[in-house]
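Data block below; observations after.
The values are calculated or read from the model by the stated rules, or taken from the named source; none is laboratory data. As the structure is a prediction and not an experimental result, all values here were calculated from the model. As a convention, Cβ positions derive from the backbone with ideal geometry for all residues, glycine included, and neighbour counts pool all protein chains shown. Please note that ligands, DNA and RNA were not included when accessible areas were found on the heavy atoms of the full protein model with its side chains. Shrake-Rupley method; radii C 1.70, N 1.55, O 1.52, S 1.80 Å.
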Amino acid sequence: MRGIEPRTSRMQSERSTMLQLFDSVPLADFPAMEIDSQNILQRKQATYTSLDDTFEIHKETYRGQQYSQIYFARLHLMRTLLHSLAPNWKPHLPVCTILQLEKDRECIIVGTLYKHMKLKPCILDEYSKERSVTPLVKPHNFIHPDDTLVLEDDSGRVKLSGSVLLPSIYVTGVVVALLGKETDAGDFLVQDVLEAGLPPQIEHPLKPREDKHVVFVSGLSVGGSTSNPLQFQLLIDHITGHLGDEKEQGIAAEIVHVVLAGNSVEFPRGLLNGQNLASKDQSRLSEPIKELDIFLTQVAASLPLDIMPGSDDPANFSLPQQPLNRCLFPGSSAYNTFRSCTNPHCFEVDNIRFLGTSGQNIDDLEKYSEAKDKLEFMERTLRWRHLAPTTPNTLGCYPFVDRDPFFIDSCPHVYFVGNQDKYKTGLIKGSEGQLVRLICIPKFCDTGVAVVLNLRNLECHTLSFGTEFSS
């Protein structure tokens with residue numbers, strides 16, 4: 001009696017029979033499989049240098065120091081700079097301290113501006129027994145017509161008057177040189193203002209003959225109510241070359257770097273109440289990070305990626321924010337293309353210098369001063385040579401003792417700010433030929449917009465992704 005043939009033996013027999021059939025058929029009867037080597041796209045490469053050392057906190061330790069020391073460090077840096085510029089500005093006038101002011105004598109004084117604001121929020125107001133009646137304030141701005149400016153240096157302080165220096169433009173923490181004279185009332189009548197201006201810029205590299213692109217994304221808010229995973233996946237597929245025809249894939253091959261400018265995740269607000277979390281709630285809290293890591297792994301497997309922390313991300317609150325811990329991203333951090341960076345973030349790609357933040361510095365300026373748009377705020381920070389002038393007054397920062405890391409000593413070619421309401425870009429030129437591309441990166445979760453920069457000519461355009469489902 002014949003036994004049942006084992007399954008593996010039967011499969012091997014069938015495979016052997018099929019191979020014999022193929023061997024008996026002439027090769028000419030099969031259509032040739034053509035491989036066009038010209039259609040194989042290779043992603044372009046670019047050199048990368050991180051310049052985040054100045055924003056990294058290594059050996060600094062908190063010993064109860066006060067924030068006055070960072071103001072002293074800022075004033076020392078800026079005063080040396082402004083003193084060197086004063087002879088070319090007003091060569092016939094002396095530079096003196098506030099204590100050396102004399103009535104009706106024209107001179108130049110250098111110091112730090114302090115802005116008295118009637119509507120500035122104060123934590124003590126919450127505990128005052130007698131609440132004064134204050135006018136209704138728009139939640140996004142605390143400017144009042146009665147705001148005044150004061151200038152401080154090592155020797156003292158003096159109230160500023162005149163129409164040259166507008167309180168609506170300046171904020172506490174900006175260091176300037178002022179031309180004027182002391183009045184009978186004891187004020188300093190400002191006649192002219194000298195700002196530091198754009199810092200020196202490294203020579204722009206020779207224009208490359210080929211296009212290379214850097215993509216900026218911010219405000220993904222993975223895990224939030226406004227987050228759209230399909231929208232983000234479409235962006236990833238485009239960047240990695242899995243979307244579109246050959247022309248679109250050719251464009252994707254020119255992308256050499258991706259920057260995520262803050263607020264990449266959003267946690268359920270109700271869970272973060274300071275109480276111990278149940279195991280179920282702990283799982284809910286980790287889901288946004290796990291989902292983001294899945295997305296970033298796809299990007300890191302294809303090209304270099306920088307991720308910056310933002311105000312909503314699991315990082316320290318005070319600026320400069322330190323890099324997100326790599327253990328949060330077990331999948332993407334396995335690739336050497338994945339870089340967790342500081343906020344602010346400074347780096348070079350093909351010798352093009354980039355400087356940017358996740359948006360806190362510009363958002364804080366908008367609360368305490370006025371401008372026609374966000375680009376004007378950005379330009380002011382460059383001309384003041386300070387990335388975050390409102391630190392530490394209204395914007396949290398680490399209490400540095402002997403340095404101010406937000407001082408801008410070299411002018412970037414590209415200055416970007418993340419988590420803005422809408423996309424905006426512009427070019428500004430300095431007196432010494434500096435050229436800077438300014439970019440406001442919109443929140444991706446609200447707009448579905450990413451920004452693309454061409455390294456060849458610093459031109460910008462947007463990538464917009466939308467998803468609609470018919471009911």
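Check the stretch 415-424 and report whether any residue there is surrounded by fewer than 21 Cβ atoms within 10 Å (Cβ to Cβ), modelled with pLDDT of 95 or more and in contact with a Phe, Trp or Tyr (Cβ under 9 Å, 6 or more places away or on another chain). Scanning the stretch 415-424 turns up no residue that is surrounded by fewer than 21 Cβ atoms within 10 Å (Cβ to Cβ), modelled with pLDDT of 95 or more and in contact with a Phe, Trp or Tyr (Cβ under 9 Å, 6 or more places away or on another chain). The residues listed here are THR467, THR462; of these, the one that is of a type in the set (Val, Ile, Thr), modelled with pLDDT under 95 and either open to solvent by 20 Å² or more (accessible area, probe 1.4 Å) or part of a strand (DSSP E or B) (or both) is THR467. If you go through the stretch 77-102 and keep only what is hydrophobic (A, V, I, L, M, F, W, C) and loosely packed, with under 13 Cβ neighbours inside 10 Å, you end up with just LEU99.
Selection of first residues in the stretch 426-441 that are closer than 15 Å to PHE354 by Cβ and of second residues that are hydroxyl-bearing (Ser, Thr, Tyr) and open to solvent by less than 20 Å² (accessible area, probe 1.4 Å), restricted to Cβ pairs under 6 Å at least 6 apart or on distinct chains, gives the following pairs, ordered by first then second residue: VAL436/TYR415; LEU438/TYR415; ILE441/SER218.
Conditions (1) at pLDDT 95 or above; (2) more than 27 Å from ILE352 (Cβ to Cβ), marked per residue:
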| position | (1), (2) |
| --- | --- |
| LYS181 | yes, yes |
| GLN191 | yes, yes |
| LEU194 | yes, yes |
| PRO199 | yes, no |
| ILE202 | no, no |
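GLU376 satisfies every condition listed in (1) outside any loop (DSSP other than H, G, I, E, B); (2) touching a Phe, Trp or Tyr at 6+ places or on another chain (Cβ under 9 Å) except (2). What about THR357, is it more than 30 Å from ALA300 (Cβ to Cβ) and either of a type in the set (S, T, N, Q) or in contact with a Ser or Thr (Cβ under 6 Å, 6 or more places away or on another chain) (or both)? No. Scanning the stretch 254-281 for residues that are of a type in the set (Gly, Ala, Ser) and either within 23 Å of the chain's Cα centre (by Cα) or at pLDDT 95 or above (or both) yields ALA261, GLY262, SER264. When restricted to residues that are open to solvent by 20 Å² or more (accessible area, probe 1.4 Å) and assigned to a loop (DSSP other than H, G, I, E, B), the stretch 444-459 contains 3. Can you work out which of the residues in the stretch 326-359 that are aromatic (Phe, Trp, Tyr) and outside any loop (DSSP other than H, G, I, E, B) is farthest from LEU382 (Cα to Cα)? That would be PHE338.
All of ASN351, ASN336 fail the test of being more than 11 Å from the chain's Cα centre (by Cα), open to solvent by 10 Å² or more (accessible area, probe 1.4 Å) and at positive phi, apart from ASN351. Does the stretch 428-443 contain at least one residue that is part of a strand (DSSP E or B), open to solvent by 10 Å² or more (accessible area, probe 1.4 Å), over 25 Å from PRO205 (Cα atoms) and modelled with pLDDT of 95 or more? Yes. Within the stretch 365-379, can you find the residues that are over 15 Å from the mean Cα position of the chain (by Cα), open to solvent by 10 Å² or more (accessible area, probe 1.4 Å) and not basic (Lys, Arg)? Correct list: GLU366, TYR368, GLU370, ALA371, ASP373, GLU376. Of the residues LEU160, LEU124, LEU119, LEU206, the single one that is more than 27 Å from MET308 (Cβ to Cβ), open to solvent by less than 30 Å² (accessible area, probe 1.4 Å), at pLDDT below 95 and not charged (D, E, K, R) is LEU119.
So that you can scan it fast, the table gives a plain yes or no per residue for (1) surrounded by 10 or more Cβ atoms within 10 Å (Cβ to Cβ); (2) part of a loop (DSSP other than H, G, I, E, B); (3) at pLDDT below 85:
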{"residue": "ALA32", "(1), (2), (3)": "no, yes, yes"}
{"residue": "ILE35", "(1), (2), (3)": "no, yes, yes"}
{"residue": "GLN38", "(1), (2), (3)": "no, no, yes"}
{"residue": "ARG43", "(1), (2), (3)": "yes, yes, no"}
{"residue": "ALA46", "(1), (2), (3)": "yes, yes, no"}
{"residue": "THR54", "(1), (2), (3)": "yes, no, no"}
{"residue": "TYR62", "(1), (2), (3)": "no, yes, yes"}
{"residue": "GLN66", "(1), (2), (3)": "yes, yes, no"}
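No other residue among ASP306, ASP313 is under 21 Å from VAL414 (Cα atoms) and either part of a loop (DSSP other than H, G, I, E, B) or in contact with a Cys (Cβ under 7 Å, 6 or more places away or on another chain) (or both) apart from ASP306.
Taken together, the criteria place PRO399 among residues that are at pLDDT below 95, open to solvent by less than 40 Å² (accessible area, probe 1.4 Å), farther than 28 Å from TYR48 by Cβ and not small (Gly, Ala, Ser). Of the residues examined, ILE362 is not one that is closer than 30 Å to THR148 by Cα, open to solvent by 10 Å² or more (accessible area, probe 1.4 Å) and not charged (D, E, K, R). Per the listing ARG105, ARG74, the residue uniquely surrounded by 15 or more Cβ atoms within 10 Å (Cβ to Cβ) and either at pLDDT 90 or above or part of a helix (DSSP H, G or I) (or both) is ARG74.
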